[in-house]
Amino acid sequence: TKGSFLIKGGTVVGPTGASPADVLVDGETIAAVFAPGRGPADIETIDATGRYVIPGAVDAHTHMELPFGGTHASDTFDTGTRAAAFGGVTTIIDFAVQRYGEVVQDGLAAWHAKAEGNCHIDYGFHMILGGVTDDALKAMDQLVTDEGISSFKLFMAYPGVFYSDDGQILRAMQKARDNGAMIMMHAENGPAIDVLVKQALERGETDPIHHGLTRPQELEAEATSRAIWLAGVAADCPLYIVHLSASKALEQVAAARDQGRNVFAETCPQYLYLTLEDQLGAPGFEGAKWVCSTPLRSKHESHRADLWRGLRTNDLAVVSTDHCPFCMKDQKELGLGDFSKIPNGIGSVEHRVDLLYQGVVDGKLSLARWVETIATTPARMFGMYPRKGVIAPGSDADIVLYDPNGRTRISAATHHMNMDHSAWEGWEIDGKVDTVISRGTFVVQDGAYQGRKGHGRYVRRGLSDYLV
Ligand code: URP
Ligand code: ZN
Ligand code: ZN
């Protein structure tokens with residue numbers, strides 16, 4: 001902690017644009033934003049010349065230690081939040097899990113036990129509901145009122161693991177309509193996918209590429225559409241589609257939004273950049289690195305261009321990572337000879353800020369929209385604004401100095417995530433996280449780590465700003 005200091009000479013970027021300004025930090029919060037040179041003179045200064053001064057990024061979709069496929073996601077809250085900080089992230093929202101048959105509050109307590117004292121940056125939780133029972137519905141009220149958890153994820157995919165049927169989904173949506181919570185939906189038709197998976201395995205199609213081929217975009221679009229219809233039946237309960245990957249699903253969201261519906265969506269860097277063909281071109285079992293759900297889509301269709309457009313038009317409001325890392329050794333390898341046993345997930349919590357900045361350089365996203373989709377909107381969407389997601393007096397001093405002239409090279413040899421590979425191995429991109437400040441404390445300075453396990457605090461969230 002530095003007490004009070006002035007971040008001087010930089011360009012402050014927010015969702016409404018960029019302008020030169022000096023930012024005064026006092027303790028854990030931002031005290032004032034000054035026109036250049038108008039701040040106090042007798043104070044320690046941090047030179048931000050040539051850099052963007054942006055709100056610390058908020059990753060609203062991570063899975064530290066998620067139990068999946070007989071193993072656990074390989075980042076702990078310690079390793080995962082440290083890696084996140086290196087990547088300019090100052091808040092994550094992780095998914096606490098209620099397993100089938102478990103009391104919701106017990107699942108939440110287990111998640112607090114994993115995170116408490118281990119995080120390098122601030123963190124909040126969404127709750128995955130693994131069973132929409134009468135007790136779980138009551139628990140939804142209690143979590144919103146007492147626990148600072150205002151969003152619940154349901155799965156139309158993964159029968160037997162996290163799946164909820166349409167009746168359960170409708171009941172949870174009705175509850176959310178009553179108590180103001182957001183329903184987050186994993187929109188893929190799981191029972192239909194399971195049929196395709198079984199048929200593929202019976203034909204001897206066992207390689208990782210068949211993961212994607214058995215999850216066609218029609219089954220994402222159908223589930224997205226069904227979730228939107230169900231939310232409508234639940235009096236237009238707020239609905240947020242997670243990890244949207246494909247053009248036809250985006251069409252469903254865009255049509256609902258055009259009708260003024262209370263529907264939002266996020267995408268992830270992997271869908272903006274990577275394709276099924278990257279996976280197809282990988283030798284042997286290497287394609288397992290890119291096994292995630294929803295899956296990567298074909299470069300021969302217009303998915304990536306449509307998703308970038310969706311980010312510009314706000315049909316996609318947020319970019320999150322869906323950070324769910326698994327090592328190849330002993331984890332992804334569980335699916336050798338049977339792609340359906342590969343734990344699903346890609347780890348990118350460290351790279352989202354840089355990967356999306358490349359979109360700015362490539363002319364696909366404005367500077368203001370970059371900040372909005374990675375920081376401001378996730379904070380507003382999930383009830384943390386204006387404490388998080390903005391550089392303004394009274395907000396937490398979560399600030400990133402970003403060097404637009406720097407370069408970032410991504411590799412498993414240098415990343416900080418607990419993964420023995422990278423989905424982005426060898427990628428060289430423009431821009432570099434230079435300095436990261438979390439509640440007034442320097443976590444990364446000039447690229448060097450200064451953070452501390454245990455600095456991160458639990459954030460009790462309010463209701464979404466987007467609730468209507
Ligand atoms: O492949 C993924 N996305 N793994 C994490 C679990 C989920 O569905 O978000
Ligand atoms: Zn999911
Ligand atoms: Zn996820």
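The values are calculated or read from the model by the stated rules, or taken from the named source; none is laboratory data. Worth saying up front: this structure is predicted, and the values here are computed from it rather than measured. FYI the Cβ positions are ideal-geometry reconstructions off the backbone, even for glycines, and counts take in every protein chain you see. Please note that ligands, DNA and RNA were not included when accessible areas were found on the heavy atoms of the full protein model with its side chains. Shrake-Rupley method; radii C 1.70, N 1.55, O 1.52, S 1.80 Å.
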Review point. Quick one: Karplus J couplings for the range 302-316, per residue in order, coefficients 6.51, -1.76, 1.60, θ = phi - 60°, nearest Hz, x for Gly and Pro?
Key: 9, 3, 5, 4, 5, 5, 4, 5, x, 5, 5, 8, 6, 5, 10
Point to revise | Over the chain: Kirkwood hydrodynamic radius from C-alpha pairwise inverse distances, Å | key: 22.1 Å
Check your understanding: Round to a whole number: what % of the accessible area of the chain belongs to carbon and sulfur, probe 1.4 Å?
Key -> 49 percent
Check your understanding: Angle between the Cα long axis of helix 190-202 and the longest principal axis of the chain, 0 to 90 degrees, nearest 10?
Key -> 60 degrees
Check your understanding: Beyond 27 Å, what share of the Cα-Cα pairs of the range 334-468 remains, rounded to the nearest whole percent?
Key -> 31 percent
**Study point:** Rounded accessible area of Cys268 (nearest 10 Å², 1.4 Å probe)
**Key:** 0 Å²
Revision key, fill the gap. Residue-normalised value, i.e. accessible area per residue, for the chain at 1.4 Å probe, in Å², stands at 34 Å²
Study note, to complete from the structure: In Å³ per residue, the alpha-carbon convex hull of the range 192-265 encloses 77 Å³
**Study point:** Cα-based Lys proximity count in the range 339-468, under 26 Å, for pairs eight or more positions apart or on separate chains
**Key:** 5
**Study point:** Calculated from backbone phi, Karplus (6.51, -1.76, 1.60) coupling profile of the range 418-427 in Hz, x at Gly/Pro
**Key:** 7, 9, 8, 7, 9, 5, 10, 3, x, 5
Review point. How big is the antiparallel share of DSSP beta bridges in the chain, given as a percent to the nearest 5?
Key: 50 percent
Revision key, fill the gap. Given backbone amide H placed at 1.01 Å from N, residues whose amide H is under 5 Å from that of Gly451, ignoring those fewer than 5 places away on the same chain, are none
Exercise for review: Please give the helix 352-361 orientation as an angle from the longest Cα principal axis of the chain, in degrees from 0 to 90, rounded to the nearest 10.
Suggested key: 80 degrees
Review point. Using Cα atoms only, what is the angle between the long axis of helix 247-258 and the major principal axis of the chain, expressed in degrees (0 to 90) to the nearest 10?
Key: 70 degrees
**Study point:** Size-normalised alpha-carbon gyration radius of the range 1-54, reference 2.2 N^0.38 Å
**Key:** 1.05
Practice item. Order Trp370, Trp290, most accessible first, counting only protein heavy atoms with a 1.4 angstrom probe. Key: Trp290, Trp370
Point to revise | Accessible-area order (highest first, 1.4 angstrom probe) of the listed residues Tyr273, Tyr123, Tyr449 | key: Tyr449, Tyr273, Tyr123
Check your understanding: How many percent of DSSP beta bridges within the range 1-142 run antiparallel, rounded to 5?
Key -> 50 percent
Exercise for review: Determine the dipole magnitude for the chain: charges of +1 sit on the beta-carbon of Lys and Arg, -1 on that of Asp and Glu, nothing else is charged, the reference point is the Cα centre, and the result goes in debye to the nearest 20.
Suggested key: 600 debye
Practice item. Go ahead and estimate [θ] at 222 nm for the chain from helices alone: -39,500 (n - 2.57) per DSSP H run with n ≥ 4, summed, over the residue count, rounded to 500. Key: -8000 deg cm²/dmol
Exercise for review: Please give, to one decimal in nm, the separation of the simple spin-label points placed at Asp106 and Ala392, each 7 Å out from Cα toward the Cβ.
Suggested key: 4.3 nm
Practice item. Name the residue farthest towards the positive end of the dipole of the chain from the options Gly131, Gln98, Met173, assuming +1 on Cβ of Lys and Arg, -1 on Cβ of Asp and Glu, about the Cα centre. Key: Met173
Practice item. For Asp420, put the label point 7 Å out on the Cα→Cβ axis and report which residues of the range 332-357 keep their amide N under 12 Å from it. Key: 332-334
Point to revise | Exposure ranking of Ser225, Ser422 by accessible area [1.4 Å probe, largest first] | key: Ser225, Ser422
Point to revise | Placed amide H near Ile128: partners under 5 Å, 5+ positions off or other chain | key: Ala96, Val97, Gln98, Lys153
Review point. What's the center-to-center distance, using Cα atoms, between the range 110-175 and the range 1-74 in Å?
Key: 30 Å
Check your understanding: Where does the range 90-191 land on Rg/Rh, using Cα atoms and the Kirkwood Rh?
Key -> 0.96
